[in-house]
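Peer 1: Below you'll find the structure I mean.
Taken together, the values in this text are just the output of simple stated rules run on the coordinates, not laboratory data. These numbers were taken from a predicted model, which means no experiment stands behind them. Every residue, glycine among them, receives a Cβ derived from its backbone with ideal geometry; neighbour counts consider all protein chains shown.
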Amino acid sequence: MSTLAAPLAAFRATLPSKELTGVAETGVPGVSFFWIGEDKPRSPLLYDTGIVILGQGHKVGWLGGREFRYDAETCLVLGVPVPFECASYGTPSEPLLGVRLDVDLGLLHSLVARFSGRLGSDPRAGKGVHSAVEPLRMEGALLQAVVRLLESLSDPMDRTVVGPAAVEEIIYRILRSEHGRVLHALTRHQTPYANIAHALELIHGDFRNALSVEDLAKEAAMSVSSFHRTFKDVTGETPLQYLKKVRLLKAKSLLVYEGKRVEEAAHEVGYASPSQFSREFKRYFSVPPSEAATLPYSDPILPELQMV
């Protein structure tokens, strides 16, 4: 059993749910707990900005030709939302156990400012373009901070005092790590990475409407060719591939969790033609929209698991 498995298993034991797979609030702001008691095959998901930490079981993710394994020794750091493909591995007797930490931009800016630019002087936090998703080995001070967070979950007072302090330290430790640039770059303005992050905000806020690469490049203050190249470096996708996947993943959520009809879901995510929507949905998920509920991570009471 890993160092992290025991406190996560203890927290799971306090939850009344008997479901094989689930998600729950921890009482620490911005930290959610999840468990998966069965193997789930590779399937498209939408991963949001945050940090995914596992204490038991493991996941494998695929993004833009890259493959990641993350487990009790390696967390996943995400600087922007990305359409991701993921497989999860757990059993009823040894379920996958983990927590997801939201990244609060206010806290991020505060940490960077608090150290008077010293984090920014690190060459690893430079202005170069880089992927927004990186696995990071948990060891040393980072691992110790994660242990404090997980052990705080068993006590209401600790969740109030120790938990938030541990979250702050975890983000600080990640900022100082080899992949700290994934989060640090979000605090910098007028850099290619920050410009792409801004474009992604626009896509997620307005994915239903026609968004051209030219318009997004203009909003990002970049040439079309530079925007296209940088967008793929950061997200692993071209802008149009990214937009299409976001629309289809949003449509899956509407079909599974809100019970929308195929035509309604197609319209709500920006498709004028239900037949085109159905073709593209089947191409992406390998099943027609009418069978969306059969897909992995489609437990009707667990929409949050799409994000972890």
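Peer 1: Jot down the radius of gyration and Dmax of segment 241-307, Cα atoms only, both in angstrom.
Peer 2: 10.8, 30
Peer 1: So, one more: In whole angstrom, and with the biggest value first, how far do the Cα coordinates of the chain range along each principal axis?
Peer 2: Principal-axis extents of the Cα atoms in the chain, largest first: 53, 49, 30 Å.
Peer 1: Restricting to Cα pairs below 8 Å that are 6+ residues apart, what does the relative contact order work out to for segment 189-237? Please round to a whole percent.
Peer 2: In percent, rounded to a whole number, it is 40.
Peer 1: Which entries of K18/K245; K18/K282; K218/K260; K40/K250; K218/K282; K232/K282 have Cα-Cα distances beyond 30 Å here?
Peer 2: Over 30 Å Cα-Cα: K18/K245; K18/K282; K218/K260; K218/K282.
Peer 1: Sticking with this one: Taking a ≥ b ≥ c as the square roots of the eigenvalues of the Cα gyration tensor of segment 10-65, is the shape rounded (a/c under 1.5), prolate (a/b larger than b/c) or oblate?
Peer 2: oblate
Peer 1: Step through the residues of segment 182-189 one at a time and calculate ³J(HN,Hα) from phi using the Karplus curve (6.51 cos²θ - 1.76 cosθ + 1.60, θ = phi - 60°), rounding each to whole Hz and writing x for Gly and Pro.
Peer 2: Result, ordered by residue: 4, 9, 4, 5, 5, 8, 9, 10 Hz.
Peer 1: Work out the length of the dipole vector of segment 5-186 about its Cα centre, built from +1 on the beta-carbon of each Lys and Arg and -1 on the beta-carbon of each Asp and Glu, and round it to the nearest 20 debye.
Peer 2: 480 debye
Peer 1: If you add up the charges near G90, with Lys and Arg at +1 and Asp and Glu at -1, over every other residue whose beta carbon is less than 12 angstrom from its beta carbon, what do you get?
Peer 2: So the surrounding residues net to -1.
Peer 1: Using R₀ = 30 Å, calculate the FRET efficiency as 1/(1 + (r/R₀)^6) where r is the Cβ-Cβ separation of I203 and E264; round to 0.05.
Peer 2: 0.90
Peer 1: Continuing with this model, one more query. In terms of modelled amide H atoms, which long-range or inter-chain residues lie less than 5 Å from the amide H of M138?
Peer 2: Residues meeting the amide H criterion: T74, C75.
Peer 1: Starting at the first residue of segment 228-233, write each ³J(HN,Hα) from the Karplus equation 6.51 cos²θ - 1.76 cosθ + 1.60 with θ = phi - 60°, in whole Hz, x for Gly and Pro.
Peer 2: Listing the rounded values in order: 4, 5, 5, 4, 5, 4 Hz.
Peer 1: For W62, what is the net charge nearby, where nearby means another residue's Cβ is under 9 Å from its Cβ and Lys, Arg count +1, Asp, Glu -1?
Peer 2: Net charge in that neighbourhood comes out at 0.
Peer 1: Could I ask something else about it? From the helices alone, meaning DSSP H stretches of at least four residues, give me the mean residue ellipticity at 222 nm for the chain, per-run term -39500 (n - 2.57), in deg cm²/dmol to the nearest 500.
Peer 2: The helix contribution divided over the chain gives -12500 deg cm²/dmol.
Peer 1: R0 = 35 Å: FRET efficiency of E214 with A141, Cβ-based, nearest 0.05?
Peer 2: My answer for the efficiency is 0.15.
Peer 1: Moving to a separate point now. Of the options F227, G205, L254, report the single residue whose Cα projects farthest towards the positive end of the charge dipole of segment 200-282 (beta-carbon charges: Lys, Arg +1; Asp, Glu -1).
Peer 2: In segment 200-282, that residue is L254.
Peer 1: Another one. Using a 10 angstrom cutoff on alpha carbons, build the Gaussian network for the chain and name the most mobile of V161, V269, V28.
Peer 2: Among V161, V269, V28, the largest mean-square fluctuation in the Gaussian network model of the chain belongs to V161.
Peer 1: In addition: Mean separation of Cα pairs under 8 Å and 6+ residues apart, divided by the residue count of segment 5-186: what relative contact order is that in percent?
Peer 2: 25 percent
Peer 1: Also, I was wondering about something else. Could you give the dipole magnitude of the chain about its Cα centre, charging the beta-carbon of Lys and Arg +1 and that of Asp and Glu -1, in debye to the nearest 20?
Peer 2: That gives a dipole near 700 debye.
Peer 1: What is the magnitude of the charge dipole of segment 241-307 about its Cα centre, with +1 placed on the Cβ of each Lys and Arg, -1 on the Cβ of each Asp and Glu, and no other charges, expressed in debye to the nearest 20?
Peer 2: Charge dipole of segment 241-307: 340 debye, to the nearest 20.
Peer 1: If you build a Gaussian network model of the chain, linking Cα atoms that sit under 10 Å apart, which residue out of E38, E67, E85 swings the most?
Peer 2: So, out of E38, E67, E85, the one fluctuating most is E67.
Peer 1: Springs between alpha-carbon pairs under 10 angstrom, Gaussian network model over the chain: which of G55, G98, G205 fluctuates most?
Peer 2: G205
Peer 1: Right, next: With an 8 Å cut-off on Cα pairs and a minimum separation of 6 or more residues, tell me the relative contact order of the chain in percent.
Peer 2: In percent, rounded to a whole number, it is 19.
Peer 1: Would you work out which of L143, P192, T294 lies farthest towards the positive end of the dipole of the chain? Charges go on Cβ: Lys and Arg +1, Asp and Glu -1.
Peer 2: In the chain, that residue is P192.
Peer 1: For segment 251-264, take each phi angle, set θ = phi - 60°, evaluate the Karplus expression 6.51 cos²θ - 1.76 cosθ + 1.60, and give the result in whole Hz per residue in order, putting x for glycine and proline.
Peer 2: With the stated coefficients, segment 251-264 comes to 5, 4, 4, 5, 5, 7, 9, 10, x, 5, 6, 4, 5, 5 Hz.
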